[in-house]
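Readers should treat all values here as calculations from the given coordinates under stated rules, not as data from a laboratory. Keep in mind the model is a prediction, meaning the values are calculated, not measured. Positions of Cβ are generated from backbone atoms using ideal geometry, with glycine treated the same way; all protein chains shown enter the neighbour counts.
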Amino acid sequence: MIGLFFAAMLLSTQEGIPGVDIYGGRCDYPAKLGPKKPNETRVDCDLAVVSPGREPNSIMVQFAQKTSDDPVGFVGDVDDSGILSIRRIYLKPGVATMATSGHCRIFRNGDAVSGIVCVGFIGERAIVANFRALAP
C-alpha cells in the first residue's frame, strides 16, 4: 500500500514540478550516536523529498515512510555554504511549529545525493533525521 504523501510526491515528479527531488533510501542511526535520549525523536523513513520553500532561498526537506501519510518536514533558509537553518518543523502535515534552532545538510557524492541530515529543536526537544540515499 502506497501512502497518499508518497503517491502525491511521485505524481509531482512525473508532472515535472521544477525543483522537487525525491530520494529513496532509509533513515539510519549508527551506534556511535548512542541510545535515543528521552527528549529526542528519531525519524523513521525510507524516502526524502527536497522542494522549494515559499520564500526566496528557502527549501523544505521532508522524510517519510512510503506506506505512511505522516512525513516530518524541516523548512528554512539556505546559506552560501549550502546549510539550511531550520525555522519551522512539521511533525504533522500542514501543522508548522516554530523551531528554536537547527540545521540540515545535504551530502553529495559527485552530482548524486548520498545523504541528508537534519537536527531541529523545539525548545529542549530534538527532532533528528539521518537519511542515507540509495546509490543512483
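For K66, enumerate residues with amide H under 5 Å from its amide H, sequence gap 5+ or separate chain, H modeled in the peptide plane.
Correct list: D46.
Helix-only estimate, please: 222 nm mean residue ellipticity of the chain, summing -39500 (n - 2.57) across DSSP H runs of length 4 or more and dividing by its residues, to the nearest 500.
When only DSSP H runs of four or more count, the value is -2500 deg cm²/dmol.
Report the one residue of F74, P38, A133 whose Cα lies farthest in the direction of the positive end of the charge dipole of the chain (charges on C-beta: Lys and Arg +1, Asp and Glu -1; origin at the Cα centre).
Selected residue: P38.
For P52, what charge total do you get from the other residues with a beta carbon under 14 Å from its beta carbon, if Lys and Arg give +1 and Asp and Glu give -1?
-2
Write down the percent of antiparallel bridges among all DSSP beta bridges whose residues are both part of region 4-133, to the nearest 5.
Around 95 percent of the beta bridges assigned by DSSP in region 4-133 are antiparallel ones.
What do the square roots of 5 times the Cα gyration tensor eigenvalues come to for the chain, in whole Å, largest first, as semi-axes of the equivalent ellipsoid?
21, 17, 16
Convert each backbone phi in region 41-48 into a coupling constant with the Karplus relation 6.51 cos²θ - 1.76 cosθ + 1.60 (shift: θ = phi - 60°), then list the ³J(HN,Hα) values in order as whole Hz, x for Gly and Pro.
Here the 3J(HN,Hα) series is 10, 9, 6, 8, 7, 9, 7, 10 Hz.
Which trypsin sites (Lys or Arg not before Pro) does region 22-53 hold that lie in a coil by DSSP with at most 12 other beta carbons within 10 Å?
Qualifying residues, ordered by number: K36.
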